[in-house]
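Okay, structure first, notes after.
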Amino acid sequence: MVSFYVKTLGHGYYYEIFELVKNILPQSNVKEVKDEKVDISRHSFLLESILIKEVSPKTITKLYTPADIFMCVSELYYRSKEDDIQYKKELKRLVKTGVIEVMKRTFPERNFDWGILTGMRPTKIVHEMLDKKYGKQKIISSLITHYKLNKSKAELLLEIALSQRKVLKNNSENKVSVYIGIPFCPSKCLYCSFPSFSIKKWGHLEDEFVENLIKEIEAIGSFLLKNNVKSETVYLGGGTPTSISLKNMEKILKNIRLYFADNKEFTVEAGRPNTLDREMMSLMKDYGVTRISINPQTMNDKTLRIIGRKHTSEDVIKAFYKARDTGFDNINMDLIIGLPGESLKDFRKSLNKVITLKPENITVHTLAIKRASELNKKLGEIELPKTKTVNAIMDFALQCLRDNGYLPYYLYRQKKMLGNLENIGFCLPGKACVYNVQIIEERQTIIGLGVGGVTKALDVETLEFNRIPNVKDIMNYNRRIDEMILRKLENPILQKTLAKQQ
Ligand SMILES: C[S@@+](CC[C@H](N)C(=O)[O-])C[C@H]1O[C@@H](n2cnc3c(N)ncnc32)[C@H](O)[C@@H]1O
Ligand code: SF4
């Protein structure tokens with residue numbers, strides 16, 4: 001394993017360096033050193049510097065002292081000391097640029113397409129530039145020169161942000177979106193760290209959970225109604241909400257209809273095809289669900305077994321046609337790039353099978369190695385595709401989906417993604433999922449209910465978000481339901497935000 005020792009003098013951007021290095025080399029070790037002497041004799045006027053070293057198991061080799069960064073940084077320091085915030089921002093950017101330069105020279109086989117960007121929502125930067133009325137050319141060149149993105153990622157971001165403007169513009173500002181987390185699944189998938197519990201093992205907590213969830217929906221729903229706040233979209237996610245009983249699902253859907261009736265988009269993350277019988281589908285249709293996900297992840301049965309999905313590719317196809325029969329005209333299907341043992345050929349087969357079904361949305365994820373997942377524990381035993389392979393798969397996916405009429409409409413990144421790639425949501429024209437755009441672009445208040453639901457109250461004055469998270473496990477949720485409700489009802493920012501919306 002490669003180890004990096006980072007010494008920051010003065011600037012304190014260790015965390016930013018850590019994030020950047022981890023994005024490019026997820027399995028590396030990044031440590032801060034405070035007590036080692038750094039040779040800055042050639043630039044004795046320096047106040048800020050970084051030092052990166054590679055430590056191999058046997059020898060310690062100093063790879064690079066980024067003297068050129070020192071120069072830029074110090075020069076900049078003297079130029080713009082007066083403007084402190086601007087200075088710090090620019091300093092951080094230069095430090096990160098230096099790290100990228102160092103790493104490019106040392107690990108040329110890695111993916112540096114995202115330049116210095118480590119955040120989850122890179123399209124937000126483009127929206128900020130669009131808000132400032134920057135032209136398309138200026139945006140592209142800023143992404144390339146300032147943030148060090150490669151041209152195709154810069155163009156992709158701009159394309160996505162422009163398409164989102166239409167979705168965001170169509171939405172009146174005085175609405176919220178509602179997320180409801182149902183934390184049950186038929187079994188736990190190898191890679192997953194979402195709040196989800198096996199229904200077999202934890203099913204005894206289902207009834208109590210549903211009772212509490214309804215209590216939360218009633219309390220927060222009445223609060224919204226009292227403030228005359230409308231819900232633009234509702235997203236029932238998890239977990240796999242369709243793992244629960246029909247009876248409980250009906251109770252939840254009834255309450256959603258009662259309190260968040262005016263939504264124009266209502267998604268249920270049906271996810272696992274073996275949770276979808278005719279009754280469940282009809283129930284969802286009857287209660288106004290407009291969009292569902294039926295997620296294959298891969299159409300390769302061998303991989304499905306390895307990742308613990310407990311369904312076959314045939315089950316996915318059957319569930320898809322059943323959903324069409326029930327009248328669902330907006331279906332999403334998730335695929336993952338980089339599953340154990342999968343090659344470009346495997347992914348090509350999966351994507352082609354999914355495209356044949358013509359779902360309205362296809363979401364292409366890149367495998368992320370989540371700390372709390374089984375995959376993380378078993379990393380030594382499982383062979384994952386190399387950077388070159390996952391990059392080739394993403395290039396293929398983009399091209400193939402475009403060739404078949406799908407357009408990228410939202411993009412986000414996570415920590416420890418294979419190949420330093422991204423997740424991209426594709427849609428047929430006019431079929432973008434509004435909730436997905438709202439949650440990624442953070443331009444609307446989100447009300448988060450249920451296990452793992454996070455409320456994000458948009459402070460209309462500062463345009464900053466105030467996070468009000470619910471707990472992530474069922475037992476605590478059941479025990480602390482009143483606190484979860486009060487946290488929201490008594491939050492001054494949420495009160496102010498909702499009052500403003502009237
Ligand atoms: C919140 S999960 C719920 C979906 C649903 N329960 C299912 O699995 O079909 C949403 C999606 O995230 C993706 N996902 C989950 N864990 C992931 C990981 N570690 N790496 C990449 N994608 C992941 C999967 O494609 C999954 O369908
Ligand atoms: S990926 Fe979906 S089905 Fe699998 S454990 Fe996570 S939430 Fe459940």
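Quick note: the coordinates plus some simple rules give every number you see, no bench work behind them. All values reported here derive from a predicted model rather than from experimental measurement. Reconstructed Cβ throughout: ideal geometry from the backbone, glycine too, with neighbour counts over all protein chains shown.
Would you grab the residues whose amide H sits under 5 Å from the one on VAL176? Only those 5+ places off in sequence or on another chain, please, with H modelled 1.01 Å from N.
Long-range HN contacts for VAL176: LYS230, SER231, GLU232.
Rounded to the nearest 20 Debye, what is the dipole magnitude of the chain about its Cα centre when Lys and Arg each give +1 and Asp and Glu each give -1 at the C-beta?
Once rounded to the nearest 20, the dipole reads 700 debye.
Given the Cα-Cα distance of ARG371 and SER222 and 0.36 nm per residue of separation, how much length would full extension add, in nm?
Result for the pair: 49.9 nm of gain on full extension.
Give me the three principal axis extents of the stretch 111-170 from the C-alpha atoms, as integers in angstrom, largest value leading.
Dimensions of the stretch 111-170 along the principal axes of its Cα atoms: 36, 22, 16 Å.
Give, rounded to the nearest 20 debye, the magnitude of the charge dipole that the stretch 347-422 has about its Cα centre when Lys and Arg contribute +1 at Cβ and Asp and Glu contribute -1 at Cβ.
In debye, rounded to 20, the stretch 347-422 gives about 220.
Given only helices, namely DSSP H runs of n ≥ 4 each adding -39500 (n - 2.57), what is the per-residue ellipticity at 222 nm of the chain, to the nearest 500 deg cm²/dmol?
That comes out to -13500 deg cm²/dmol.
With a Cα-only, solvent-free Debye model of the stretch 362-476, what are the log10 I(q)/I(0) values at q = 0.14 Å⁻¹?
Taken in order of the listed q values, log10 I(q)/I(0) reads -0.82.
In whole angstrom, note down how far apart the Cα centers of the stretch 458-502 and the stretch 205-275 are.
Going from one Cα centre to the other spans 17 Å.
Report the antiparallel proportion of the DSSP beta bridges in the chain as a percent, rounded to a multiple of 5.
Within the chain, antiparallel bridges account for around 45 percent of the total.
If I take every Cα pair under 8 Å that is 6 or more residues apart in the chain, average their sequence separation and divide by the length, what percent do I get for the relative contact order?
Relative contact order comes out at 15 percent.
Could you bin all the Cα-Cα distances of the stretch 368-430 into 5 Å bins starting at 0 and give me the percent of pairs in each, rounded to whole numbers?
4, 16, 20, 21, 17, 11, 7, 3, 0
Tell me, how many Å apart are the Cα centres for the stretch 344-395 and for the stretch 107-179?
That distance is 24 Å.
Once fully extended, how much extra length lies between LYS169 and LEU486, figured as 0.36 nm per residue of separation less the alpha-carbon to alpha-carbon distance?
Length gained, LYS169 through LEU486: 110.9 nm.
For the stretch 227-306, what size does the Cα cloud have along each of its three principal axes, sorted from largest down, in whole Å?
Between the extreme Cα coordinates on each principal axis of the stretch 227-306 lie 51, 23, 17 Å.
Taking one equal scatterer on every alpha-carbon of the chain, how large is log10 of I(q)/I(0) by Debye at q = 0.08, 0.09, 0.13 1/Å?
With no solvent term, the Cα-only Debye profile gives -0.55, -0.69, -1.35.
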